[in-house]
Amino acid sequence: MDVKKKLDCDIIVVGGGNAGLVAAIEGKNSGANVLLIEKAPKKTRGGNSRLSGGLFRIAAEGTKDYLPLVEEASVPKGTIDIEAYSKDDFYNKVVRLSQGRADRRFTEIFVNRSLDAVRWMKEQGVRWDLNPAHMARVGDRWFWPAGQTVLVATGAGEGLIEMEYGIAESKGIDILYETGARSLVMDEKGTVRGVQAKGPEGFLEINARSVILCCGGFQANPAWRRRYLGENWDLVKLRGTRYDTGDGLQMAVEAGAQLVGHWGGCHASIVSEDSPMIEAASAGSERYSYQYCIMVNREGKRFVDEGEEFLVYTYAKYGKEILKQPGSVAFQIYDAKVIPILRPEYQNALKVETHSLEELAEALDINVGTLLETVKTFNDAIVNDDQPFATYKLDGRRTKGLHPDKTNWAQKIDTPPFQGYAVVCGLTMTYGGLKTNEKAQVIDTSDQPIKGLYAVGEVTGGFFYHNYPSGTGLVRGAVMARIAAVEALKSA
């Protein structure tokens, strides 16, 4: 390969999402000469972080820990009541959702340092808001229950990325856009000494004392999805960035890195059937009010417990269940009682609205007889219909005797008009990745650190299995990125 240009730095950060930017900023603060390369053009920079909701899940003691973070924000008038979310609760939730497989060391690290990370980000210039989507009005209080995701970057994911790039630019961090790493440069001792990359003007070699990979998983690689996730995963809609094609994984494996984690697992949520095939999250395609509906397949049958938990603990796994249904499509059915509380993404969205369930089924091409029987059986199975319906808690309104039952927010589907929304699986990120240690060093197949090589974020594995609590990826990335930057500078 003919190299058109050679560059030198102390630390090169590969990938310009939240994790990469935090690593670059922390490295610069520590006195390093940092270069960040970003595969995307400037206008779409930021990876999956840009397309995220900008949510950060943190362990905190409640209102008193949050208010200093949002002191520059326009907070709601009245009493703000944010329940405590302890480190133990956060830790236990991550481990439970992973079915006990999440690496205990890593989970403890990012949980314990989560509050410190967002405080540090505020000090750098990131502005925070209280998340209105997970807030309830209870009497005269604005209330956030324990376990909901309270903290959000101003301007959501796009706002977060633009703030972080502004901070990086103000600190004089060099950034190359449309520049994708192709391979790692190693010396005769097996130490990583830089990367070879391709930019708009051709190939370049970047010599560095340490390399930090922050370039995401393989969700934008259809062939890898089919290979690792299974049948039909090459056909699903992509919620995440188009640039996460597994380049960092491939480079690291060629350098001897060990793979770890749930290679058959991914973050797969619910998006509208008419959403774009690529980067669907940029189009307001999420359909996350499913707790208040019945969700049926084309045969008219329910297939998940829509009210199992708050959506922050189920949304990342239900896309996989939809993919298993006939035609890989499902339908959310709402009646007039809940239409006013649907999330903003449902406003002006493609839907079918009718005054009878028969008409709704015909218009959506659902088996009419089966849907009518499903609704009747569902309505008859509600055992505590007189119990108050409450969106801000697990209200216990449930069915009994169904397969599956609905365990919260069960209400009869009996009040027209009825609305139906066609939904499909939307893939956000993959869970398998590189094996790292507590210092964010990449581990080789002999269980030894690869000198000079670090990895953070979705390119790493061992954190998430089967499911995912919302707001965890961004805070995990920030915590581990700060560690990687400090350790990379020590190594350099």
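What follows draws every value from the coordinates through simple rules; no lab data is involved. The structure presented is a predicted model; accordingly, all values stated were derived computationally and were not measured. Virtual Cβ from ideal backbone geometry, glycine too; neighbours counted across all protein chains shown.
A compact table of results
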{"item": "Residue exposure sequence - TRP263, TRP128 - by fewest surrounding Cβ within 10 Å", "result": "TRP263, TRP128"}
{"item": "Distant alpha-carbon pairs in region 268-426 (separation over 25 angstrom), percent", "result": "22 percent"}
{"item": "Which listed pairs, of LYS87/LYS171; LYS320/LYS351; LYS237/LYS490; LYS324/LYS351; LYS5/LYS122, have C-alpha distances above 31 Å, in listed order", "result": "LYS87/LYS171; LYS237/LYS490; LYS5/LYS122"}
{"item": "Region 54-160: trypsin sites (Lys or Arg not before Pro) in DSSP loop, at most 10 other beta carbons within 10 Å", "result": "LYS77"}
{"item": "Per-residue Cβ neighbour rank within 10 angstrom, fewest leading, VAL185, VAL312", "result": "VAL185, VAL312"}
{"item": "Sorted by Cβ density within 10 Å, fewest first, the residues LEU474, LEU357", "result": "LEU357, LEU474"}
{"item": "Region 320-389: trypsin sites (Lys or Arg not before Pro) falling in loop per DSSP and having at most 13 other Cβ within 10 Å", "result": "LYS324"}
{"item": "Whole-angstrom gap from region 430-481 to region 265-326, using each part's C-alpha centre", "result": "27 Å"}
{"item": "Helical mean residue ellipticity (222 nm; -39500 (n - 2.57) per DSSP H run of 4+; nearest 500) of the chain", "result": "-8000 deg cm²/dmol"}
{"item": "Partner aspartates and glutamates for LYS451 [C-alpha distance under 15 Å; skip if fewer than 8 residues away on the same chain]", "result": "ASP10, ASP187, GLU188, GLU254, GLU438, GLU487"}
{"item": "Taking the C-alpha atoms of the chain, convex hull volume expressed per residue in Å³", "result": "140 Å³"}
